[in-house]
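Student: The structure follows.
Just so it is clear, none of the values below were taken in a lab; they were calculated from the coordinates. All figures in this text were calculated on a predicted structure; none of them were measured in a lab. Cβ placement follows ideal geometry from the backbone for every residue including glycine, while neighbour counts extend to all protein chains displayed.
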Amino acid sequence: MEVPKPKCLEHPINVPTKLLMGPGPVNMPLRVHNAMMKPMLGHLHPEFTQVMDEVKEGLKYIFQTTAEVVCCVSGTGHAGMEATMCNLLEPNDVILIAQNGIWGERAADMARRHDADVRLIKKPPGDVCSLNELESALLKHRPAVLFLVQGESSTGALQPLEGVGALCRKHGVLLAVDTVASLGGVPFFMDSWEIDVVYTGSQKVISAPPSVAPIAFNDRAMEKVRTRKTPIRSFYLDITWLANYWGCDGLPRKYHHTGPVSSVYALREALSMVSEEGLHALWSRHSSCAQRLYSGLEALGLRLFIADPAKRTPTVTTICIPEGVDWMKVTKYFMSKYQVEVSGGLGPTAGKVWRIGLMGYNCIPENVDKVLKIMKEALANEPLLKSNL
Ligand SMILES: Cc1ncc(COP(=O)(O)O)c(C=O)c1O
């Protein structure tokens, strides 16, 4: 039997324009779209490796590092997380993971798959760890690695990082940080905060398409990789191969895999926009838009899930669903009437909050005002929504 031609491919692709105000991906600037239309190059052609080198410079800037191994995993944020685990962990290594939302849970799941001995510091969703709590846990568990998530997009919490690296050095621990939902939206200094491994995603504040996960390993982290007693269990995510393909080890580049050429062009363009704006301006744009959102939501009588403003990441705001309101009807109202995405909760916040993203290209006062206007309208219509949607 022959499989017939699919009927659905006979009509043009249907991709509506939506305003993505959830926790990512976000809309992309035209410049980034246009970069993706540049001609295809071979993944080892000198013009392409030049673009990769420019991406590395942009990443060193956004990570605030002079580490040599700064590159991308071809995959989304999860691939960055998996690369962190598979390169840093050997069987029975103790990893301490702060768990205050879904990303700590995912990290623990991945670490267990690498046969690590996973220890948790559990915090209620929305809360973060203090330096004292981290130090007591380091003393209790004596881990090889501490893993933290800077911006917990399932709860909206921002984990403070200053001082954690120094604690980790004091206790001989490597510090790995997930910045998928926060990098570019809040200050981050890999070198001065003594962070050993960091990764992020391309589709959040950076405003490029999902597909590449920027990642950096400093010398301490690379030393751990070099002195492993067991091989890295993933070929594709092996940082020594990735570092070679990205020209980070001073050796001739070898074929490891075919890099996602058009996505790397897009990332190059998005990073050049970050650099033109400057990190300080980018951080303050996120903070001022978030303040505008918080006041607008409170003026509507809504309560933010995280009471302490210092514990909120400006990139993802979580709002408690008022008693008796059907959260899904509200998100549907946003989408069906205005083609605007806002999201419900995830993991421990599912059914409890809405999540509004303010990231990169979409983080402008006009979008904040639009979301507030629709929210007001949706809530005013809620009894109607309840019966009709
Ligand atoms: C904090 C955090 N880590 C990891 C991820 C996973 O990223 P991806 O969906 O790009 O694989 C996300 C995605 O939202 C995230 O917010």
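Student: Check each of the GluC sites (Glu not before Pro) in region 296-389 and keep only those in coil by DSSP with at most 11 other C-beta atoms within 10 angstrom; list them in order.
Tutor: On the way: sites: E298, E323, E341, E366, E377; in loops: E323.
Sites meeting the loop and neighbour criteria: E323.
Student: Sorting T17, T318, T240, T313 on the 10 Å Cβ count, fewest up front, what's the list? Before the final figure, lay out the partial values.
Tutor: Values: T17 7, T318 28, T240 16, T313 25.
In order of increasing Cβ crowding within 10 Å: T17, T240, T313, T318.
Student: Between the DSSP loop rule and a limit of at most 15 other Cβ atoms within 10 Å, which trypsin sites (Lys or Arg not before Pro) in region 134-242 are left? Let's see the in-between values first.
Tutor: Details: sites: K140, R169, K170, K204, R220, K224, R226, R228, K229, R233; in loops: K204, R228, K229, R233.
Counting only loop positions with at most 15 other Cβ atoms within 10 Å, the trypsin sites (Lys or Arg not before Pro) in region 134-242 are R228, K229.
Student: How far is it, in nm, from the label point at K170 to the one at D219 when both lie 7 Å from their Cα along the line to the Cβ?
Tutor: Taking the simple label geometry, K170 and D219 are separated by 2.3 nm.
Student: Can you sort S207, S284 so the residue with the fewest Cβ neighbours within 10 Å comes first? Working shown, then result.
Tutor: On the way: S207 28, S284 12.
The order, fewest Cβ neighbours first, is S284, S207.
Student: For each of V149, V368, count neighbouring Cβ atoms within 10 Å of the residue's Cβ, then give the residues from fewest to most. Before the final figure, lay out the partial values.
Tutor: On the way: V149 31, V368 25.
The order, fewest Cβ neighbours first, is V368, V149.
Student: In nm, to one decimal, how far is the S136 label point from the H280 one, both placed 7 Å along Cα→Cβ?
Tutor: A separation of 3.9 nm, rounded to one decimal place.
Student: Something else now. Over region 22-111, one equal point on each Cα, no solvent: what is log10 I(q)/I(0) by the Debye formula at q = 0.15, 0.18, 0.20, 0.26 Å⁻¹?
Tutor: -0.87, -1.10, -1.20, -1.35
Student: For the chain, take N as its residue count and report Rg(C-alpha) divided by 2.2 N^0.38 Å.
Tutor: On the way: Rg = 21.5 Å, N = 389, 2.2 N^0.38 = 21.2 Å.
Rg over 2.2 N^0.38 Å, computed on Cα atoms: 1.01.
Student: Based on the alpha-carbon gyration tensor of region 146-251 and its eigenvalue square roots a ≥ b ≥ c, which shape applies: rounded if a/c is under 1.5, prolate if not and a/b is larger than b/c, or oblate? Could you put the intermediate results ahead of the total?
Tutor: Details: a/c = 1.95, a/b = 1.19, b/c = 1.64.
Oblate, because a/c is 1.5 or more while a/b does not exceed b/c.
Student: With n ≥ 4 as the cut-off for DSSP H runs, can you work out [θ] at 222 nm for the chain, using -39500 (n - 2.57) per run divided by the number of residues, rounded to the nearest 500? Write down the numbers at each step before the final one.
Tutor: Working: 13 runs with 155 residues, N = 389.
Value at 222 nm, helices only: -12500 deg cm²/dmol.
Student: In addition: So who's got an amide H within less than 5 Å of the one on V69, skipping anything under 5 residues away but keeping other chains? H placed 1.01 Å off N, in plane.
Tutor: Hits under the 5 Å cutoff: F217.
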